[in-house]
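Here is the structure we will look at, set down as structure tokens.
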Amino acid sequence: MKLLHLSDLHLGKRVNEFSMLEDQAYILQQILKITEEERPDAVLIAGDIYDKSVPPAEAVQLFDDFLYQLSKGGWQVFLISGNHDSPERLSFGGRLMDRSGIHIAPVYHGHVEPVTLRDGHGKLDLYLLPFLKPAHVRRFFPDREIASYTDAVRAAVEEMKMDTSRRNVLVTHQFVTGASRCDSEELSVGGTDNVDASVFDGFDYVALGHIHGPQNLRDGRLRYCGTPLKYSFSEASHKKSVTVAEIGEKAEGEGAQLSVRTVPLEPLRDLREIRGTYMELTDRSFYQKGKGSQEDYLHVTLTDEEDVPDAAARLRIIYPNLMRLDYDNRRTRAGAAPVEEADTGKKPPLELFAEFYERQNNGPMSEEQLAFAEGLIEKIWEDEG
């Protein structure tokens, strides 16, 4: 049984005020091409379809077209809501879409009925469990103490009453303890949303969403496929991909045979970090022969000791998709030192100004700056006299 595993599309997302819709449309077309090449038995989308619970119309239209193209190709698609989605809005029309091979998890109501798929190795039960909080689950299990996310998911999984003689696959959207997070993810204070991995012991493969960096837990049986695009600079080093999981025969008392691999995705525009002096970064040999494209989304770190006037505007002439600009120099590494109280009345203005400059910039003024400041102070005294 071959499964194509996606998650965390975050359609409609803006990164540093840049709309990602064009990039998302481009990457979805790549995923459609990969689907045609891989010919999976099912496409799994593990939540966070949209970036907001009330997504913009353009994002809804984009996803509508994506599902239509998958259905037109004859693929079976299984998707759930994530913590960014509205489960009620996402599941609208789900029972009608079942006929087209698009299977959407309904709002959680205390029971999850599996969809049974078949191949040469027999039956495989596929369960769709949307993002859950303890409050979503408590009312369906009044006799159980459900205080944590682990309690909530454990209750939902145990209620499924899996047939362990069959192969079992779960699509869900939770933070499993031990996974590594990124800046673009929604965090809970104190890690209260952790779900213990032991909750999923009965499954042969768990297609996870929620974590943006691709990673395995439990020897790959618990798998985060990651986002198809980079959504923060903490993800700049990530290699984005879709995951292909192939589930083979299941021997009695053992887990099913499993192989997991990735198919790389190439974005329309990469999201990168570059650093150097202003003159280095604006040198033609740097930006025309270096890695990446001038059109990429960039975090630029300037290492100049002096701030460059209108640096962002001037850099955008070369790098139009500059997202963030900062400095790394003696001043920023040391931080702005507080000015100590002192007997300033006996010091000349130039000396006071030079001390202030050094405290603010973690370095002394140059001879040229001293000469300029001295001339300016003299002119002020002359004007006032």
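Only the coordinates and a few stated rules stand behind these numbers; no lab work does. In this text, all values refer to a predicted model and were calculated from it rather than measured experimentally. Note that each Cβ is placed from the backbone with ideal geometry, even for glycine, and that neighbours are counted across all protein chains shown.
With all distinct Cα pairs included, what does the Kirkwood hydrodynamic radius of region 60-117 come out to in Å, to one decimal, could you say?
12.2 Å is the Kirkwood radius here.
On a 0 to 90° scale, report how tilted helix 349-361 is relative to the longest principal axis of the chain, with both axes built from alpha carbons and the result rounded to the nearest 10.
Value to nearest ten degrees: 20.
If you take the alpha carbon radius of gyration of region 9-61 and divide it by 2.2 N^0.38 Å, what ratio comes out, to two decimals?
Details: Rg = 12.5 Å, N = 53, 2.2 N^0.38 = 9.9 Å.
Against the empirical 2.2 N^0.38 Å value, I get 1.25 for region 9-61.
If you bin every alpha carbon distance in region 77-173 into 5 Å steps from zero, what whole percent lands in each bin?
It works out to 2, 13, 22, 22, 19, 13, 6, 2, 0, in whole percents.
Of 263, 157, 206, which has the largest mean-square fluctuation in a 10 Å C-alpha GNM of the chain?
263
Using only Cα atoms and rounding to the nearest 10 degrees, what angle (0 to 90) does helix 57-72 make with the longest principal axis of the chain?
40
Report, in debye and to the nearest 20, how large the dipole of the chain comes out about its Cα centre when Lys and Arg carry +1 and Asp and Glu carry -1 on their Cβ.
1960
Averaging the inverse of every distinct alpha carbon separation and then flipping it gives the Kirkwood radius. What is it for region 253-293, in angstrom units? Write down the numbers at each step before the final one.
Values: mean 1/r = 0.0697 Å⁻¹.
Across region 253-293, the inverse of the average 1/r is 14.4 Å.
Taking a cut-off of 29 Å between Cα atoms, list the lysines near residue 379, but don't count ones fewer than 8 places away on the same chain.
The qualifying lysines are 346, 347.
Taking H as built 1.01 Å from N, whose amide H comes closer than 5 Å to the amide H of residue 275, not counting residues under 5 places away?
Correct list: 301.
³J(HN,Hα) across region 316-325 via Karplus (A = 6.51, B = -1.76, C = 1.60, θ = phi - 60°), whole Hz, x for Gly/Pro?
Karplus values, whole Hz, x for Gly and Pro: 5, 5, 9, 10, x, 9, 5, 9, 8, 9.
In region 1-64, what GluC sites (Glu not before Pro) fall in a loop by DSSP, with at most 12 other Cβ atoms inside 10 Å?
In loop regions of region 1-64 (DSSP not H, G, I, E or B), the sparsely surrounded GluC sites (Glu not before Pro) are 17.
Which three extents, in whole angstrom, do the alpha-carbon atoms of region 180-318 cover along their principal axes, largest first?
Cα extents, longest axis first: 69, 36, 19 Å.
Mind checking which lysines have their C-alpha under 20 Å from residue 123, skipping anything on the same chain fewer than 8 residues away?
2, 161, 250
For the chain, take every pair of Cα atoms, bin their distances at 20 Å starting from 0, and report each bin as a whole percent.
24, 43, 21, 10, 2
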